[in-house]
Amino acid sequence: MPEAVLRQAAAEMLDWRGSGMSVMEMSHRGKEFGVILAQAESDLRALLAVPAHFHILFMQGGGLGENAIVPLNLSRGGPVDFVITGSWSIKSHKEAQRYCAARIAASNAADGHLSLPEPATWQIGGDAAYVHLCSNETINGIEFQQLPDLAALGSKAPLVIDFSSHVASRPVDWSRVGLAFGGAQKNLGPAGLTIVVVRDDLLGHALEICPSAFNYKTVADNQSMYNTPPTWGIYMAGLTFQWLREQTEGGLTGIEAMEQRNIAKARLLYDFIDGSSFYLNKVAANCRSRMNVPFFLADESRNDAFLSGARTAGLLQLKGHKSVGGMRASIYNAMPLEGVQALVNYMREFERSHV
Ligand code: PMP
């Protein structure tokens, strides 16, 4: 979380702007929370340049919940096509199989999820209700630097993206997207809020078994208040949207400024790793994630020493995901360039003292 956002939330914790209430104590149908919700939605729409023919929904259930909610709403029973690029798209595909015929249009499993299959090679069926991909594979450290243009590939299917772990780190080309979903807890706010951005024509096709609270049309018709929304999460995300809109970098503002900062942060870390034989990153250069940087020590017997020295230096949560091993630096929006510089300084010093 950006420190400025945490400070503002702390200052407003007991009494939100003279209302006499904490946001946590407000009725979600009261006028105060109505202001917070409307502001959050309009700030997110402005920040990500979401076109008018898309709905923004504030939901619950997280990314894994959406793995079921998307096929329940969009598959019409299937078939649907998945592009497998790592752990999260594998999970999405597996869950969708419970609700529809979920196929695999392309996969990078053969190379250990280290590169992206070329869109021109994807086997998208003419009958696919949608195509699903994960635009940033958090665990594997793989990111689509550009979303595929399905229409140019001859497909009429809407593209569904799981942008959980890089939402608001870069602009989104909405002309290529039918639906985007993401948990808030990486770049936007506390866990418990899920953002869904969905094109209007995709609403209203849910399977009969779809729970009402997860039917996108029901949620949209009720302005994300069919059931009690995660009010605290929406408030915190709203503060983050405002913080993001205010960011400037090299003459740019908002999401474009954030993108430049994220490019600079990632370049600093990848350049250092590539320039060293002590550390390595195995992901193909054209799809390396700007948010999640997995790396390995060439001599893995030093992993524990690396992690404990990092902790002492105030560099936390660097242990890689258990399915991949090694290290992982998560350098989300709120991580400043100085934080990445501190990591690189530590890595350089650790290398110097261990060769
Ligand atoms: N998709 C991606 C890309 C993720 O990174 C995560 C969480 N790390 C999930 C889905 C699952 O999200 P949740 O835990 O909110 O269900």
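General observations
- Residues in segment 238-250 that are open to solvent by less than 10 Å² (accessible area, probe 1.4 Å) and polar (S, T, N, Q): 240 only.
- Filter pass, residue 64 being open to solvent by 10 Å² or more (accessible area, probe 1.4 Å) and more than 16 Å from the ligand (Cβ to nearest atom): no
- Number of positions in segment 325-342 that are in contact with a strand residue (DSSP E or B) (Cβ under 6 Å, 6 or more places away or on another chain) and of a type in the set (A, V, I, L, M): 2
- Residue 284 vs. criteria touching a residue at least 40 places away in the same chain (Cβ under 8 Å), open to solvent by less than 40 Å² (accessible area, probe 1.4 Å) and over 25 Å from residue 247 (Cβ atoms): yes
- Residue match in segment 35-53 (condition: within 16 Å of the ligand (Cβ to nearest atom), open to solvent by 30 Å² or more (accessible area, probe 1.4 Å), touching a Phe, Trp or Tyr at 6+ places or on another chain (Cβ under 8 Å) and in contact (Cβ under 8 Å) with a residue 12 or more places away in the chain): no
Conditions (1) under 28 Å from the mean Cα position of the chain (by Cα); (2) surrounded by fewer than 14 Cβ atoms within 10 Å (Cβ to Cβ); (3) in a helix (DSSP H, G or I), marked per residue:
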| position | (1), (2), (3) |
| --- | --- |
| 260 | yes, no, yes |
| 276 | no, no, no |
| 296 | yes, no, no |
| 310 | yes, no, yes |
| 314 | yes, yes, no |
| 321 | yes, no, no |
| 338 | yes, yes, yes |
| 346 | yes, no, yes |
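- From the options 59, 24, residue that is exposed (fewer than 15 other Cβ atoms within 10 Å of the Cβ), in contact (Cβ under 8 Å) with a residue 60 or more places away in the chain, among the hydrophobic types (A, V, I, L, M, F, W, C) and more than 22 Å from residue 245 (Cβ to Cβ): 24
- Contact map, segment 224-237: residues that are open to solvent by 10 Å² or more (accessible area, probe 1.4 Å) paired with residues that are hydroxyl-bearing (Ser, Thr, Tyr), Cβ distance under 8 Å, separation 6+ or inter-chain. Pairs shown: 226/212; 226/218.
The values are calculated or read from the model by the stated rules, or taken from the named source; none is laboratory data. Since the structure is predicted, the reported quantities are computational estimates derived from the model, not experimental observations. With ideal geometry, Cβ positions are generated from the backbone for all residues, glycine too; neighbour counts draw on all protein chains shown. Keep in mind that these areas ignore ligands, DNA and RNA; they rest on the heavy atoms of the full protein, side chains included. Shrake-Rupley method; radii C 1.70, N 1.55, O 1.52, S 1.80 Å.
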